[in-house]
Amino acid sequence: MKHILKPILTIMIISIVHLLSSCEGFLDEKPEKSIVVPESLEDLQKLLDASRRGMNDGPGLSLLSGDELLTNDNGFGSYSTVEQNTYLWNQSIFENYGFEWTVFYQQVFYANVVLDGLKALSREDDPEGHDQVRGRALFYRANAFYNLLSLFSPAYVPGQNDGALGIPLRLSPDINQDAPRASLADSYEKVIEDLKESVTLLPQMPDYKSRPSQWAAHALLSRVYLSMGDYPNALNYAETALSIEDDLLDFNDLDLEATYPFEQFNNEVIFHSEMISHGFIRNSNTVVSPEIYGSYEENDLRKLAFFQENSFGMDFKGTYTGTVTYFCGLATDELFLNKSECLARIGDSDGAKETMDRLLEHRFLSGTYEGITGEGDVLLANLLTERKKELLCRGTRWADLKRLNKAPEFAKAIERTVNGQSYQLEPGSKRYVLPIPPDEINVSGIVQNER
């Protein structure tokens with residue numbers, strides 16, 4: 001196996017040189033090196049702050065694969081080939097390369113450049129700065145690995161599919177270093193290891209919400225453990241993150257008629273990330289599933305905050321970016337949902353209800369919310385419904401579908417109709433795992449996913 005990811009990483013190296021050479025004094029010429037490495041903490045931090053080059057991007061295609069959005073025949077006809085393949089869960093998705101693979105390994109590469117660059121800098125000169133840069137790099141790498149796992153590997157069920165294939169764990173910026181696909185268990189273990197170390201290095205709160213913090217690392221650990229079905233740990237990290245800050249927006253205070261009611265970096269945002277921009281998001285024929293829209297009650301202010309009607313149905317406007325792009329970062333409402341579900345799963349119904357009630361009181365017209373109901377499986381089903389409604393178009397639903405399909409009572413088939421033909425994605429289908437882009441397979445020789 002030779003030069004895994006080399007085409008992608010060569011482009012990244014050129015990007016780094018371009019990015020840093022545009023800043024006076026950033027780089028000295030090093031023709032004998034295989035890559036150009038920044039040489040100060042400031043240089044390294046600027047690599048991690050390169051949001052325009054994808055460091056704060058998250059998955060987009062998984063939203064099109066799930067059950068939140070639909071399109072009509074005209075919309076489907078205007079989709080790109082990759083989008084059409086994704087929407088119908090075709091055997092092949094990517095024509096050559098795939099943004100969802102390239103962008104996240106770009107993030108891994110930048111993080112590895114920073115981690116490698118830190119080795120040449122004395123920690124004694126600035127211990128706090130050194131630790132924070134390392135912590136941020138570890139967080140970005142863990143987040144990228146997790147996003148790759150959510151797309152290109154099956155849901156992790158400890159003790160059942162530990163040996164299934166995960167992803168290549170690239171831990172060096174050396175583009176000539178072979179990196180075969182690790183096991184699923186080892187891949188998740190590395191994500192958790194990086195995040196746990198980052199907690200010990202990061203400040204509790206971010207100076208900018210586009211940067212990681214302890215708050216964000218705990219929140220991401222909760223998301224990761226929830227996707228693994230490890231509910232005690234998901235609960236622990238949700239509670240830890242909420243103990244740092246647990247603000248919720250009161251939707252009664254929003255301008256619900258605004259084109260975008262939510263401000264960027266609002267009080268609920270823990271870590272800012274935006275979905276990779278695909279054409280389907282801006283396509284007026286792409287609308288929210290009528291089934292989901294119909295599930296919001298009359299006094300639920302999310303019905304006004306999240307939706308605006310167009311000629312084809314209900315368009316989603318409830319993004320926390322404050323723009324047309326979709327938010328897929330970390331926020332406190334997700335932690336309340338994690339905590340509530342986990343409490344229900346360990347038998348604490350009262351705690352689960354109390355947690356969900358606090359969230360939903362901020363979502364309903366003042367004085368109209370009556371409380372979540374049910375016990376046991378009924379309560380859990382109600383909580384999961386609220387999760388789907390609250391985290392609409394946040395990029396979390398695909399991972400939720402994958403993990404919930406493991407339980408027959410929550411498994412769901414997704415259906416489409418395009419040009420009069422019906423398509424269905426069955427629970428547990430191998431097509432919940434995206435194929436690795438052909439260019440990567442051809443260059444690296446890593447094992448392709450079965451679909």
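Observations
- In the range 112-123, the residues that are acidic (Asp, Glu) reach residues that are buried (at least 18 other Cβ atoms within 10 Å of the Cβ) and assigned to a loop (DSSP other than H, G, I, E, B) with C-beta atoms within less than 8 angstrom, at least six apart or across chains, in these pairs: ASP116/VAL37; ASP116/PRO173.
- In the set LEU165, LEU148, only one residue is surrounded by 19 or more Cβ atoms within 10 Å (Cβ to Cβ), free of Cβ contacts under 8 Å to residues at least 60 places away in the same chain and touching a strand residue (DSSP E or B) at 6+ places or on another chain (Cβ under 8 Å); that residue is LEU148.
- A residue that is over 19 Å from TYR296 (Cβ atoms), surrounded by fewer than 22 Cβ atoms within 10 Å (Cβ to Cβ), among the hydrophobic types (A, V, I, L, M, F, W, C) and within 24 Å of the chain's Cα centre (by Cα) occurs somewhere in the range 358-380.
- Residue match in the range 240-263 (condition: under 17 Å from CYS393 (Cα atoms), among the charged types (D, E, K, R) and outside any loop (DSSP other than H, G, I, E, B)): no
- Members of the range 172-198 found to be touching a residue at least 60 places away in the same chain (Cβ under 8 Å) and either hydrophobic (A, V, I, L, M, F, W, C) or crowded, with 19+ Cβ neighbours inside 10 Å (or both), listed by number: PRO173, ILE175, ALA179, ARG181, SER198
- Residue satisfying all of: in the range 392-444; of a type in the set (Lys, Arg) and touching a helix residue (DSSP H, G or I) at 6+ places or on another chain (Cβ under 9 Å); farthest from MET275 (Cα to Cα) among these: LYS412
- Test: residue in the range 145-153 that is under 24 Å from SER40 (Cβ atoms), aliphatic (A, V, I, L, M) and not in a strand (DSSP E or B): no
- Matching residues, the range 412-441, being among the polar types (S, T, N, Q) and farther than 18 Å from ASN161 by Cβ: THR417, ASN419, GLN421, SER422, GLN424
- Subset of the range 381-398 that is open to solvent by 20 Å² or more (accessible area, probe 1.4 Å) and in contact (Cβ under 8 Å) with a residue 60 or more places away in the chain - its residue that is farthest from ASN147 (Cα to Cα): THR385
- Check on ASN267, assigned to a loop (DSSP other than H, G, I, E, B), modelled with pLDDT of 95 or more, surrounded by fewer than 20 Cβ atoms within 10 Å (Cβ to Cβ) and not β-branched (Val, Ile, Thr): yes
- Verdict on PRO127 being over 20 Å from the mean Cα position of the chain (by Cα) and surrounded by fewer than 19 Cβ atoms within 10 Å (Cβ to Cβ): yes
- Within the range 203-215, at least one residue is modelled with pLDDT of 95 or more, part of a helix (DSSP H, G or I) and either closer than 30 Å to ALA407 by Cβ or open to solvent by 40 Å² or more (accessible area, probe 1.4 Å) (or both).
- Residues in the range 209-236 that are of a type in the set (Phe, Trp, Tyr) and touching a residue at least 40 places away in the same chain (Cβ under 8 Å): TRP215, TYR231.
The values are calculated or read from the model by the stated rules, or taken from the named source; none is laboratory data. Small disclaimer: the values here were computed from a predicted structure and weren't measured. Cβ atoms come from the backbone with ideal geometry, glycine included; neighbour counts cover every protein chain shown. Side chains are part of the model used for accessible areas, which takes the heavy atoms of the whole protein and leaves out ligands, DNA and RNA. Shrake-Rupley method; radii C 1.70, N 1.55, O 1.52, S 1.80 Å.
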